[in-house]
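Structure, as structure tokens:
The values are calculated or read from the model by the stated rules, or taken from the named source; none is laboratory data. None of the values given here were measured: they were computed from a predicted structure. Methodologically, a virtual Cβ is constructed for each residue, glycine included, from the backbone with ideal geometry; neighbour enumeration extends over all protein chains shown.
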Amino acid sequence: MTFQATGANRREILTSVTAAGLTLNFALAPKAGAAAAGVGALNAYVRVAPDGIVTIVAKNPEICQGIKTSLPMMIAEELDVDWKNVRIEQADNDPKAYGRQFAGGSMATPLHWDELRKVGAVARLMLIQAAAQAWNCGPGDCTTTPGTVVNTRSGKKRTYGSLALACANIPAPDPKTVVLKDPMDYRIIGKSMPQYDTARIVTGQPLFGIDVRRPGMLYATYVKGPVFGAKVGSADLDAALAVKGVKKAFVVQGDSAAVMPTGGNIGSGLVPGVAVVADTWWAARKGRNKLKVQWAEHPTSTQSSAGFAARAKELAAGPPQRNARNDGDVEAALKGAAKTVEAAYAYPFLAHSPLEPQNCTAEYKDGKLEIWAPTQFPEPGRQLCAKTLGIKPEDITVHMTRCGGGFGRRLGNDYMVEAAWIARETGAPVKLLWSREDDIQHGFFRPGGFHFFRGGVDAAGNLSAWHDHFVSYGEGAGFASSAGMATTEFPSRFVPNYRQDVSVMPLGMPTGPMRAPGSNALAFVHQSFIDELAHAAGADPLAFQIRLLGDKPVVGEAPGAYAAGRMVGVLKAVGEMSGWASRGKLPKGEGMGVACYYSHMGYFAEVAHVAVSPVGEVKVKKVWVAADVGRQIVNPMGAINQVQGSVLEGVSHALHQQITLANGRVEQSNFTDYPLLRIHEAPAVEVKFVITDYPPTGLGEPALPPAIPAVTNAIFAATGKRVRTLPITKDMLKA
């Protein structure tokens, strides 16, 4: 089948990001001391030592998604080196050399696929040129084998290590002119490579932000009001200061507006609080526990999850605040439908809960600030610290440490500005370390939401009408961060009569992106309701999805077009993988469910097999995943890890996780009441990549959204009971 490109093409994306600062500096001068050590710096990314060891700089933050391995693989492939001779070094934050450095949106592969391969190709051509000058021949007479330039006429050879210093006098070729390898010739790209730091991780070597140590370093904790943005009314610090090892305790006035739930992200300023600094973290923690703080009244202290749910029902019962999309005539189609279904769905707030809690080490001296931080977006953190402390951004250095998970949480740099402020006030290097309670109660959260559906199928079993009154959070025409929904959300454009209405409620809780933002919740409600309509039509749910997608390869115009043919491809593939046609042979209490979803340029279809006990306990036995992320998988091992991890996180969301609000504050505080999926609960996850002729894209997020409705639809198949709210509880399903 021939497919057309969908959405914004790769060039459009790269052009927009380049305009924002994604530039590749092919002429970066060698680092100080590199020449003396005999090491040649070919560009901002590549250094070659005399012994042929090649150091490649990884520009983006590593949040355990494997990008510190896969991006250097792209460079190494075109440079033509043996992977065993490659060493990888994490870049510091340096926009002038590397452009935008961030981890988010599954964008690293699509943004850098062409550009970083060109980095390697340019470096290779410079080595060829240096050899050609040494041999007094033309570059066309030379080629390379891994780590070596070969004269095709004379048979002479020169190692990269012997040529690297000579490249200082070689002008870098125009990247636009380089010819990249035919994929048939790849030796590194497409081969499974373990994450570069794995050996260091399993042997406990320091890599993460939490591991940073500085001479004379002190430790800090920072307590904030339980109601988001509340200011310190009064604070008795004496008891904290009396704890052995505590050096300082002080109030930070901060800015209540640093918490921006509507249209903004946490990390826009310094939140009010009280800092305790000590010579050990335990002493700082003990001092914090002795604090006596009275928090000022805050206008959102009456907000609660129960109140939001009640208000959502009130809003759904009345006219919507606004209409977002209206195709055809929904009311007439519902009246003429052979079968109609009405259903109310809801999903909760969620916390990111990376296993490494938020932390940052900061050192302020002579008006300059040095930071070591596990951050997904270092440059906004640098700008935030500069603005808050009143210093120049160029006087701040940010070292990116490996992150012990991120999932979007470390896109906000609130912990960075807290550490910077405390370090300046303390006059010594300070490591700020959040407790698990801090991390769960003071992040920004995946927003909850409510959907009130009506749908109809006609006599032929086609989906003929769809109405969603979406009740979310925001003010006026604006949504809280990550709380919105696009008007192109599937099945929009595939149903002739489609209406999307919207109402919003004000919220004082900060929200923001979480792995597969928006999609991680919307897939659950939309794919579950499609499954309901399939059963109402008496149809096979997988066949119903394929029929709904239709026979047009692409629906809509770019940007925002939907490659229906690609989704059909993964649905058919996952049906074959899972033995979908034989699901009727499963024992009583077991079932299979299917769901599909497009996000982050990836098309995913998943089937879950679950067993439900008579007391309502759910066991997810296996999940099959068919994925279409284009023509090339850079690192198959890393790709499979990302898909499997995403599915397991989705299962965890479905079975366990919710954040509830009472009196304006988060009720959960640790893994005792905000549990994550345990090893014994984890299903087997089988993955197949359906290769299509599209540019490769990222894999950190798009496998998560369909995992949740695949599980809930399987529960319906097993029990006949429909899950419309998360997380799933035994009371919902017990016989």
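Points worth noting:
- Scanning segment 662-690 for residues that are in a loop (DSSP other than H, G, I, E, B), farther than 21 Å from residue 621 by Cα and touching a strand residue (DSSP E or B) at 6+ places or on another chain (Cβ under 8 Å) yields 667, 668, 674, 690.
- When the criteria are applied in full, residue 190 meets the requirement of being closer than 24 Å to residue 58 by Cα, out of contact with any Asp or Glu (no Cβ under 7 Å at 6 or more places or on another chain) and not in a helix (DSSP H, G or I).
- Unique residue being modelled with pLDDT of 95 or more and farther than 22 Å from residue 460 by Cβ when the list is 587, 559: 587
- Taking segment 386-443 as the range and being among the hydroxyl-bearing types (Ser, Thr, Tyr) and closer than 13 Å to residue 210 by Cβ as the test, the residues that pass are 401, 415, 435.
- Single match in 650, 645, 630 (criterion: of a type outside the set (Val, Ile, Thr), free of Cβ contacts under 8 Å to residues at least 40 places away in the same chain and either under 23 Å from residue 352 (Cα atoms) or buried (at least 20 other Cβ atoms within 10 Å of the Cβ) (or both)): 645
- Filtered residue count, segment 65-119, keeping only those that are in contact (Cβ under 8 Å) with a residue 60 or more places away in the chain, under 21 Å from residue 181 (Cβ atoms) and part of a helix (DSSP H, G or I): 21
- Meets criteria (part of a strand (DSSP E or B), more than 19 Å from residue 319 (Cβ to Cβ) and of a type in the set (S, T, N, Q)) for residue 472: no
- Among the residues listed as 366, 414, the single one being buried (at least 24 other Cβ atoms within 10 Å of the Cβ) and out of contact with any Lys or Arg (no Cβ under 9 Å at 6 or more places or on another chain): 414
- Residue 57 under 21 Å from residue 178 (Cβ atoms), at pLDDT 95 or above, out of contact with any His (no Cβ under 9 Å at 6 or more places or on another chain) and in a strand (DSSP E or B): yes
- Some residue of segment 18-30 being in contact with an Asp or Glu (Cβ under 8 Å, 6 or more places away or on another chain), modelled with pLDDT under 50 and either outside any strand (DSSP E or B) or assigned by TED's automatic domain parsing to the domain that holds residue 601 (or both): yes
- One residue stands out in segment 456-478 among those that are in contact (Cβ under 8 Å) with a residue 60 or more places away in the chain and among the charged types (D, E, K, R): the one that is surrounded by the fewest Cβ atoms within 10 Å (Cβ to Cβ), namely 475.
- Residue within segment 313-326 that is more than 18 Å from residue 483 (Cα to Cα), among the hydrophobic types (A, V, I, L, M, F, W, C) and surrounded by fewer than 21 Cβ atoms within 10 Å (Cβ to Cβ) present: yes
- Selected residue [free of Cβ contacts under 8 Å to residues at least 60 places away in the same chain, out of contact with any His (no Cβ under 6 Å at 6 or more places or on another chain) and either buried (at least 17 other Cβ atoms within 10 Å of the Cβ) or not assigned by TED's automatic domain parsing to the domain that holds residue 696 (or both)] from 157, 231, 248, 181: 157
- Residue match in segment 526-538 (condition: in contact with an Asp or Glu (Cβ under 9 Å, 6 or more places away or on another chain) and among the polar types (S, T, N, Q)): no
- Which listed residue, of 443, 455, is in contact with a Lys or Arg (Cβ under 8 Å, 6 or more places away or on another chain) and either closer than 30 Å to residue 312 by Cβ or assigned by TED's automatic domain parsing to the domain that holds residue 92 (or both): 443
- Yes/no for residue 42 being buried (at least 24 other Cβ atoms within 10 Å of the Cβ) and at pLDDT below 95: yes
- Residue tally, condition of a type in the set (Asp, Glu) and over 29 Å from residue 393 (Cβ atoms), over segment 92-126: 1
- For segment 147-169, the criterion of being closer than 30 Å to residue 375 by Cβ and touching a Pro at 6+ places or on another chain (Cβ under 7 Å) is met by no residue.
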